[in-house]
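Note sheet for the following structure.
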Amino acid sequence: MARLFHVPLSPFCRKVRLSLAEKKIEVELVEERYWEADPDFLRRNPAGKVPVLRLDGIVMSESAPICEYIEETRPDPVLLPSDPAARLEVRRLVNWFDDKFHNEVTSKLLYERVNKKVMGQGFPDSRNVKDGAKAIKYHLDYMAWLLDHRRWLAGDAMTLADFAAAAHLSSLDYISDVDWNRSDVVKDWYAKIKSRPAFRSILADQVPGFPPPRHYNDLDF
Ligand SMILES: N[C@@H](CCC(=O)N[C@@H](CS)C(=O)NCC(=O)O)C(=O)O
């Protein structure tokens, strides 16, 4: 069986979990406290980062190549279209969320509020939290603009771009940091993706010391 070394609220791990679940690949989840730098874990990924996936006898790291490997070996259902221009758009948006959104929002809110406490690194930096809360508004507005023009973020079909975005937003929703009233189209998109069977394991996550808000796993908000 596949084995994923992860932490529950990591958006990169969540994106891989969503890909695996959408393709109905059974996986054993192993929580990896990467900040404790366990030598066994560092052997699996010398970069010391999660996710790390063991699949087909291969130990893989870096969520984007992992998702593309899953796509290439298990193409059904399709999460990366075959048309080069459509693939480009999916990859652009995966990168948008995992780079820009991550740096401007996830690292400023989730890492300040949760990771610092879990890792014993002190209190949230209020400047960062303020910057993250400001930046998420602009990102939600950009998503709303995309969804005004398309059914899903990268086009007419659900793709890895939707999973990348949903992975970040679901982690932030766990700590009530998403204002779902800002845009109806974004809220509808999230309700649609959240109700997929692939999302179930993510909605069942529990981080000790951080109980999720009631709406977190409510499919109707
Ligand atoms: N580019 C990597 C980023 C993964 C990443 O930054 N994971 C975080 C947890 S959310 C981590 O392991 N950080 C440890 C570190 O940076 O030392 C990917 O897409 O997999």
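Could you rank the peptides 145-155, 23-33 by their average count of other C-beta atoms within 10 Å per residue, with the highest value first?
145-155, 23-33
Grab the DSSP H runs of the chain that are 4 residues or longer, score each as -39,500 (n - 2.57), total them, divide by all residues and round the 222 nm result to the nearest 500 deg cm²/dmol.
Numbers: 9 runs with 99 residues, N = 221.
Computed mean residue ellipticity for the chain: -13500 deg cm²/dmol.
With a cut-off of 8 Å between alpha carbons and a minimum separation of six or more residues, what is the relative contact order of the chain in percent?
Rounded, it is 22 percent for the chain.
Can you quote the Å³ per residue value for the convex hull of the Cα atoms in the range 84-196, rounded to an integer?
Taking only Cα atoms, the range 84-196 has a hull volume of 98 Å³ per residue.
What is the fewest-to-most order of F210, F41, F163, F123 by other Cβ atoms lying within 10 Å of their Cβ?
F123, F210, F41, F163
Given just the C-alpha atoms of the chain, how large is their convex hull per residue in cubic angstrom?
118
Rule-based calculations on the coordinates, nothing more; no lab input. Nothing here was measured: the structure is a model prediction, and the numbers come from that model. Positions of Cβ are backbone-derived with ideal geometry, glycine not excepted, and every protein chain shown enters the neighbour counts.
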